[in-house]
Amino acid sequence: LSAFSLCAGAGQDVGRSCILVSIAGKNVMLDCGMHMGYNDDRRFPDFSYITQNGRLTDFLDCVIISHFHLDHCGALPYFSEMVGYDGPIYMTHPTKAICPILLEDYRKITVDKKGETNFFTSQMIKDCMKKVVAVHLHQTVQVDEELEIKAYYAGHVLGAAMFQIKVGCESVVYTGDYNMTPDRHLGAAWVDKCRPDLLITESTYATTIRDSKRCRERDFLKKVHETVERGGKVLIPVFALGRAQELCILLETFWERMNLKAPIYFSTGLTEKANHYYKLFITWTNQKIRKTFVQRNMFEFKHIKAFDRAFADNPGPMVVFATPGMLHAGQSLQIFRKWAGNEKNMVIMPGYCVQGTVGHKILSGQRKLEMEGRQILEVKMQVEYMSFSAHADAKGIMQLIRQAEPRNVLLVHGEAKKMEFLKQKIEQEFHVSCYMPANGETTSIFTNPSIPVDISLGLLKREAAIGPVPDAKKPKLMHGTLLMKDNSFRLVSPEQALKELGLAEHQLRFTCRVHIQDPRKEHETVLRVYNHLKGVLKDYSVQHLPDGSITVESILIQATAHSEDQGTKVLLVSWTYQDEELGSYLTSLLKKGLPQSTA
Amino acid sequence: MAAHLKKRVYEEFTKVVQQQHEDLSTKKLRLTKPSKSAALHVDLCKATSPADALQYLLQFARKPVEVESVEGVVRILLEHYYKESDASVRLKIASLLGLLSKTAGFSPDCIMDDAINTLQNEKSHQVLAQLLDTLLVIGTKLPENPSVRMRLVEVACKHLTDSSHGVRNKCLQLIGCLGPVEKGVAKEVESQAAKDVQKIIGDHFNDQDPRVRTAAIKAMLQLHERGLKLQQAIYSQACKLLADDYEQVRSAAVQLIWVLSQLYPESIVPIPSSNEEIRLVDDAFGKICHMVSDGSWVVRVQAAKLLGSMQQVSSHFLEQTLDKKLMSDLRRKRTAHERAKELYSSGEFSSGRKWGDDAPKEEIDTGAVNLIESGACGAFVHGLEDEMYEVRIAAVEALCMLAQSSPSFAEKCLDFLVDMFNDEIEEVRLQSIHTMRKISNNITLREDQLDTVLAVLEDSSRDIREALHELLCCTNVSTKEGIHLALVELLKNLTKYPTDRESIWKCLKFLGSRHPTLVLPLVPELLSTHPFFDTPEPDMDDPAYIAVLVLIFNAAKSCPTMPALFSDHTFRHYAYLRDSLSHLVPPLRLPGRKLVSSPVSPSITPHEDPSQQFLHQSLERVYNLQHLDPQGIQELLEFTIRDLQRLGELQSELAGMADFTATYLQCQLLLIKALQEKLWNVAAPLYLKQNALASAAAKQILEETYKMEFMYSGVESRQVVIIHHMRLQAKALQLIVTARTTRGVEPLFGMCEKFLQEVDSFQRCFISELPHMQGSFVDKLLDLMPRLVTSKPSEVVKILQTTLRQSTFLHLPLPEQLHRATANIIEPTGESDNPLRFTSGLVVALDVDATLEHVQDPQGTVKVQVLYPDGQAQLIHPKPADFRNPGPGRHRLITQVYLSHTAWTEPCQIEVRLLLAYNSNRSKASARIPKMTWSESLEALPPSENGIEGTIPFSKPVKVYIMPKPARR
């Protein structure tokens, strides 16, 4: 029996997460993401890997989505509506709520802005979401009789979850993206010691150990505070979901603490909608927000107001969160152009910027930008970079592995070169095998499944009574008959097995001849053997019968002189198969010969 | 046997008990209540079903049982126990047995054999567990009986093989609590239980049930607490338990490891998978550090807490806890802390961050990176970043304790503590500020660190700001820029939160006196003096200017060259501040003629505090005045009171003492004045008018005595006697005045009797103090007591009058520390001209913020009083949670008061003040009455003692302008 996995996407790559796991005959698809970097067929995973012919619904038992980022759920409508899948899709409640918003946004950009055709429609998104079954944290969902899944908290973004997939006693844990250090609005990932056969973990930061988040936060706040006190304006380009909320909370609490008055704005639209969901799913946030929401929901921002285009020209200090995060288009770029000329202002880039975007240019130190229409924009404002990423770093990954104690680890969602390092570390420190399949590659993992066997109580009690007190940590030897009948295993006593099978009992005896060099008479030899055995086997009843034979328990020993050589005596040892252990011990004992000293 | 017992029980049923009271007049006979045991027996016999019996037992358990009948009850219960077939009833009986053996004064050895016997035939695991619990109670009640304990331990050992976890649990608990602690004793008791208890418990470390494993570890810890030295061999076993699947086991194991590390810090343990060996305490430290990143937060809290107390750990292990090697793409990266330090040492300060400033530098050898260290690496880094604030607080506390014992570690952990100032939870921030203060003598703040620390000054929470001020009071700053920075930030704080004035001044006082040399170069800039030009004189009432002056003057105290830099008006301001804020401005030795302005003469002998001397001298004088003429006495008293009051105002540390004695003398003065009245010689009807003075004096003395008793902390019983004595005198005075003014004898009877009762209770309460009161009023009174009891009221009054006149003036001994309870309402300030408007009939919440000093048990005593202009008064009891305790003897009340009134035509002022409630019942005197048993205590206290309740106003009233508007229709 084996659990194996196939990577359709995300193998040694970031983006387009899609993993297929076959576990004990069940097929589960983990995530269904798209790749941001491509605009052709390559943006979606290649579903033809899964099944060459036949419908997906017949092949897959369920689909699990770990969180709402598009590289984990972007291909879902395509997969379910266009390729065709009607089975259940599992995700957590917040993911189910936020996922369609992002998909719709993505569709609008691709179809309405870029004018692509042959893309999924709004209706498809709606139909797709109808197939979704929402799960709670730590709720065990029975997909069918054998397959069950369970969600664990993963941090990362609101509603992100790790999933345990279990069939019988075999299990796989898929982490999705997760974060082991808590931030201002989400807690840390946590998994119990579930000892899965396979842990599939992301490895975005396989080779990074990060500094404490406190320094980053403090730096960030200090920068903002100083600029605002100087009367400057701060622009923070963000993506609508995730970091934006963390930074909002950070600034909101800071404003509250320090009694600051300068206005904070965030761009309307998506962020506003998302904040609404953050307010609803309080249970998914961190300790502080969960504990204080009775007095005040932290996402009911007091100091942060919705942004209006006209505000950008207002005098005086302000802080603005604007989308998108890489300054490549939209509101954030507009505001940037307005404010770039003043050295009192500041732009803070809270995340990574793709090459070619304005964000990347200013981060790499360019001070003169060429905008559309051959305008030259001189950047006088300060440019700051703050990394607020919500992935686990190498230490975090190791910590999760330690928590879960898996038997095998499989790395996905990262770069091959970096994975190599982590793989080596994992094997070295936990002594478990570690895999890092490429896209389309299949990894098979062999497991030692434990097979439950029913045992009759009578037999159990009888066997347990023999020998020392049972100890949970040590295996115990039991005698019984294994009956395999109607797909079930039972351990019963031999008598019962015979009765059930309608068989008669057969006696099975082993006999063995042992040659001993002894010139004396037969009965003397017997006496010597008797004395010897008596001396060695103190715990057993050794008897010398009047007919010249010896019995040890039920084992019979007889001695006769060798027909040819009178000096050699032949000992005949005979035992039933139940006494095999003692019998073979006895023969080996006798083969060693008798002690030399003859009294 | 049973018949005999039953007889005994019925005997108790009708036992007559004679109660002796000290007070002969209240002597009475009393029947005891029908004995519990008899009733129980009857009930149990009546019970038809197990459910019935259970009901009876449950009812029975609600009421306490007298000591004498416990044994009888136990016998009945046991008898029933053997007959009972239902397990739940047996369980209840077993638990009752335990409950009964706890009864005070009952020695359970007589029932032990029976209890052990019941174990023999018991089949139900639950009942068995309960019985063992009962045995545990019995065992703990008999601490001086090793043989009994041995027996119980033996019984427990026998049941250790039980298949139920509950039974094994209890057995282990019993062994842990009762097992022999000294080996020698175990051998003397010849029984076979002399085998090693530790081994027995240790064997259960591998039990299959996690609850039993936990119990085993707890039992081991229990043995340790009782003084048994645990064997070192357990250590390796305990280490294995750290990897247990269950959090309670891990949590207990962490404790066990900690205990062992304290027992055998220096022994050497091998490191697995290598040939090296390290000290056990280091190994244990590493292991506990590892648990700081455990999956369960309970374990994490436990581990973080224990780290703090492992002070013997070697320093390089300790320093590892703060170490976290950063890398990015396999290249070594410096932490922000390191970068900050480098920036600082390179002389460059706070440059704007550039993209890639933190770019990783050196390549890392992949083999050398250890991602999960077995050692202590980064334990605190993880602990301080934990998700749960409980863990973070525990980590900060541990950091504090370790830093206190190791200066080098203190220096290193500074960065991390400073980071914690920005935690999202206020409690954590506060805790880390306090921690920093505690270790502040070991550290010097770098400028960049100071910068972060000072940024917190803008926090809107007052607690945080005040804690930070206190931290700054005892911080060492390394450069003059640092001082300047601190001053600038503090002034910023002052403009933002003017209420912090006092606290900021105090902070600057210490800052100045700690860093005179750093302040010196800043003086011209701070005072904005110019070498050639005269600058305008700053506004003397500006709090910011005062703040600067406080800093400079305190620095100048130990820096004689500084006054040369002052301009003329500075000296004038010095004189003014020295007088008005004497606690903040130290006496300075100023050059030349400026000396005149200094109010305190420079020739101060540092050892003898002159004011203390003055206090004692003036008191001496007063106490020696027995023989002066009345007029002289009065004058001297008046002068002394005036002196004392003035002294109290000048010397804040003596204020309590001075006020206390002044009040006492005031009482004495009033008494003398009242007795000096001519009226006593005149016939009764003539002085109706004048007696106003005498009765008013009596009333005032009463009030003052309550103040003396309840408003001062540190009052000892010696003082309480004298206060009560003074009160007694006042009451006598009252009685005499009433006797003189009222006609007819009838009302006097009651009053006399009451007074005599009071004398009596005084005698009872202070019997031990009476010898010190020779010649006093009460002394004489007690001599005359037999006569008083029998004589008529008029007689009594006459006797009282003469005694009162002849009695001497009691010397009031002063306690070491005496502080007067004071309260200061910070908010509302009472300065606002804008009335608080609200609709009549509805309520408005008024925020009240007050500081209380030297108030004992403020939760119970401090009330807020609101006085409306129509004379209506409202008394509000603040919630206990509204009181905070920022320091010893100090409390802070932050509460909301709800106001409401009917509509007014124009805004008007209401008064808000704080009251100190007292209850003479609660007084120190009644605490001295020996506690009686529960049944008697209620009856024994005569109702007259049930106390006078009252309140003492102890804060200045604050006026708040309010305006209830009529409701709009």
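The values are calculated or read from the model by the stated rules, or taken from the named source; none is laboratory data. Given the structure is predicted, the values throughout are model-derived calculations rather than measurements. Cβ sites come from the backbone with ideal geometry, for glycine too, and all protein chains shown count toward neighbours.
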(Q) I'd like to check something: does region B:220-239 contain any residue that is in a helix (DSSP H, G or I), in the same structural domain as B:Ala379 (by the TED database) and closer than 30 Å to A:Ala189 by Cα? (A) yes
Q. Of all residues in region A:545-595, which are closer than 29 Å to A:Gly480 by Cβ and assigned to a loop (DSSP other than H, G, I, E, B)?
A. A:Glu553, A:Ser554
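Give the residue, chosen from A:Gln403, A:Gln355, that is within 11 Å of chain B (Cβ to nearest Cβ) and under 37 Å from the mean Cα position of the chain (by Cα). So that I can check it myself, show each step before the final result.
Details: A:Gln355 fails: within 11 Å of chain B (Cβ to nearest Cβ).
Selected residue: A:Gln403, the only one of A:Gln403, A:Gln355 that is within 11 Å of chain B (Cβ to nearest Cβ) and under 37 Å from the mean Cα position of the chain (by Cα).
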Q: Considering (1) farther than 25 Å from B:Met420 by Cα; (2) within 14 Å of chain B (Cβ to nearest Cβ); (3) touching a helix residue (DSSP H, G or I) at 6+ places or on another chain (Cβ under 6 Å); (4) not hydrophobic (A, V, I, L, M, F, W, C), say which one A:Gly232 fails and leave the rest.
A: (3)
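Conditions tested, residue by residue: (1) within 39 Å of the chain's Cα centre (by Cα); (2) at pLDDT below 85; (3) under 24 Å from A:Cys169 (Cα atoms).
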| residue | (1), (2), (3) |
| --- | --- |
| A:Ala438 | yes, yes, no |
| A:Glu441 | yes, yes, no |
| A:Ile451 | yes, yes, yes |
| A:Ser456 | yes, yes, yes |
| A:Ala465 | no, yes, no |
| A:Pro468 | no, yes, no |
| A:Lys476 | yes, yes, yes |
| A:Pro494 | no, yes, no |
| A:His506 | no, yes, no |
**Q.** Hits in region B:853-877 - residues which are touching a helix residue (DSSP H, G or I) at 6+ places or on another chain (Cβ under 8 Å) and at pLDDT 85 or above
**A.** none
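Out of curiosity, is A:Gly232 among the small types (Gly, Ala, Ser) and closer than 30 Å to A:Ile64 by Cβ? Step through it out loud before you land on a result.
Working: among the small types (Gly, Ala, Ser): yes; closer than 30 Å to A:Ile64 by Cβ: no.
Spelling it out, it is not the case that A:Gly232 is among the small types (Gly, Ala, Ser) and closer than 30 Å to A:Ile64 by Cβ.
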Q | Scope region B:696-731; condition out of contact with any Gly (no Cβ under 9 Å at 6 or more places or on another chain) and among the charged types (D, E, K, R); matching residues | A | B:Lys699, B:Glu704, B:Lys707, B:Glu709, B:Glu716, B:Arg718, B:Arg727, B:Lys731
Q: Working carefully through the options A:Ile282, A:Ile289, find the one that is among the aliphatic types (A, V, I, L, M) and without any contact (Cβ under 8 Å) to a residue 40 or more places away in the chain.
A: A:Ile282
Q: Check region A:116-139 and report whether any residue there is without any contact (Cβ under 8 Å) to a residue 40 or more places away in the chain and touching an Asp or Glu at 6+ places or on another chain (Cβ under 6 Å).
A: no
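So is A:Gly325 assigned by the TED database to the domain that holds A:Pro263 and over 30 Å from A:Leu137 (Cβ atoms) or not? Please lay out each step first, then the result.
Working: assigned by the TED database to the domain that holds A:Pro263: yes; over 30 Å from A:Leu137 (Cβ atoms): no.
No.
Confirm whether B:Cys473 is crowded, with 18+ Cβ neighbours inside 10 Å, among the hydrophobic types (A, V, I, L, M, F, W, C) and within 14 Å of chain A (Cβ to nearest Cβ).
Working: crowded, with 18+ Cβ neighbours inside 10 Å: yes; among the hydrophobic types (A, V, I, L, M, F, W, C): yes; within 14 Å of chain A (Cβ to nearest Cβ): no.
Against the criterion (crowded, with 18+ Cβ neighbours inside 10 Å, among the hydrophobic types (A, V, I, L, M, F, W, C) and within 14 Å of chain A (Cβ to nearest Cβ)), B:Cys473 does not qualify.
Listed here are the residues, each with its yes/no results for (1) without any contact (Cβ under 8 Å) to a residue 12 or more places away in the chain; (2) in contact with a helix residue (DSSP H, G or I) (Cβ under 9 Å, 6 or more places away or on another chain); (3) within 14 Å of chain B (Cβ to nearest Cβ); (4) surrounded by fewer than 20 Cβ atoms within 10 Å (Cβ to Cβ).
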position: A:Gly351; (1), (2), (3), (4): no, yes, yes, yes
position: A:Glu370; (1), (2), (3), (4): yes, no, no, yes
position: A:Arg374; (1), (2), (3), (4): yes, no, no, yes
position: A:Gly396; (1), (2), (3), (4): no, no, yes, no
Q: Please enumerate the residues belonging to region B:504-539 that are β-branched (Val, Ile, Thr) and either surrounded by fewer than 19 Cβ atoms within 10 Å (Cβ to Cβ) or in contact with an Asp or Glu (Cβ under 7 Å, 6 or more places away or on another chain) (or both).
A: B:Thr517, B:Thr529, B:Thr535
**Q.** Identity of the residue in region A:43-70, of a type in the set (D, E, K, R) and free of Cβ contacts under 8 Å to residues at least 60 places away in the same chain, that ends up surrounded by the most Cβ atoms within 10 Å (Cβ to Cβ)
**A.** A:Arg43
Q: Starting from residues that are in a loop (DSSP other than H, G, I, E, B), under 26 Å from A:Met386 (Cβ atoms) and more than 12 Å from chain B (Cβ to nearest Cβ), keep the ones in region A:171-203 and report whichever is modelled with the lowest pLDDT.
A: A:Ser203
Q. Are any residues in region A:410-431 within 13 Å of chain B (Cβ to nearest Cβ) and among the β-branched types (Val, Ile, Thr), and if so, which ones?
A. A:Ile426
Q) For region B:703-738, what are the residues that are in contact with a Pro (Cβ under 7 Å, 6 or more places away or on another chain) and among the hydrophobic types (A, V, I, L, M, F, W, C)? A) B:Val715
Q.
If I filter region B:359-382 for residues that are surrounded by fewer than 23 Cβ atoms within 10 Å (Cβ to Cβ), assigned to a helix (DSSP H, G or I), among the polar types (S, T, N, Q) and at pLDDT 85 or above, do I get at least one hit?
A. no
(Q) Can you go through B:Lys341, B:Lys333 and tell me which one is modelled with pLDDT of 55 or more, more than 29 Å from A:Gly187 (Cα to Cα) and within 14 Å of chain A (Cβ to nearest Cβ)? (A) B:Lys341
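So that you can scan it fast, the table gives a plain yes or no per residue for (1) under 23 Å from A:Arg462 (Cβ atoms); (2) outside the structural domain of A:Arg462 (by the TED database); (3) out of contact with any Phe, Trp or Tyr (no Cβ under 7 Å at 6 or more places or on another chain); (4) touching a residue at least 24 places away in the same chain (Cβ under 8 Å):
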position	(1), (2), (3), (4)
A:Leu477	yes, no, yes, no
A:Val492	yes, no, yes, yes
A:Arg513	no, yes, yes, yes
A:Arg520	no, yes, yes, no
A:Tyr540	yes, yes, yes, yes
A:Thr551	no, yes, yes, no
A:Asp579	yes, yes, yes, yes
**Q.** Tally of residues being buried (at least 19 other Cβ atoms within 10 Å of the Cβ), at pLDDT below 80 and in a helix (DSSP H, G or I) across region B:749-778
**A.** 4
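Here's a check for you: in region B:227-247, which residue that is away from chain A (no Cβ under 14 Å) and within 26 Å of A:Asp192 (Cα to Cα) is farthest from the chain's Cα centre (by Cα)? First the steps, then the outcome.
First, the residues of region B:227-247 that are away from chain A (no Cβ under 14 Å): B:227-236, B:238-239.
With the extra rule that they be within 26 Å of A:Asp192 (Cα to Cα), the set shrinks to B:236, B:238-239.
Details: B:Ser236: 41, B:Ala238: 37, B:Cys239: 38 Å.
Out of the qualifying residues, it is B:Ser236.
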Q) Taking the condition farther than 19 Å from A:Ile50 by Cβ, in the same structural domain as A:Asn27 (by the TED database) and part of a strand (DSSP E or B), does A:Glu116 pass? A) no
Q.
Here is a check on your reading of the model: is B:Glu489 among the acidic types (Asp, Glu), touching a residue at least 24 places away in the same chain (Cβ under 8 Å) and under 24 Å from B:Arg437 (Cα atoms)?
A. yes
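Among the candidates B:Thr839, B:Thr861, B:Thr829, which residue alone is surrounded by 17 or more Cβ atoms within 10 Å (Cβ to Cβ) and touching a residue at least 24 places away in the same chain (Cβ under 8 Å)? Walk me through how you get there before you give the answer.
Values: B:Thr839 fails: surrounded by 17 or more Cβ atoms within 10 Å (Cβ to Cβ); B:Thr829 fails: surrounded by 17 or more Cβ atoms within 10 Å (Cβ to Cβ).
Only one candidate passes the filter, namely B:Thr861.
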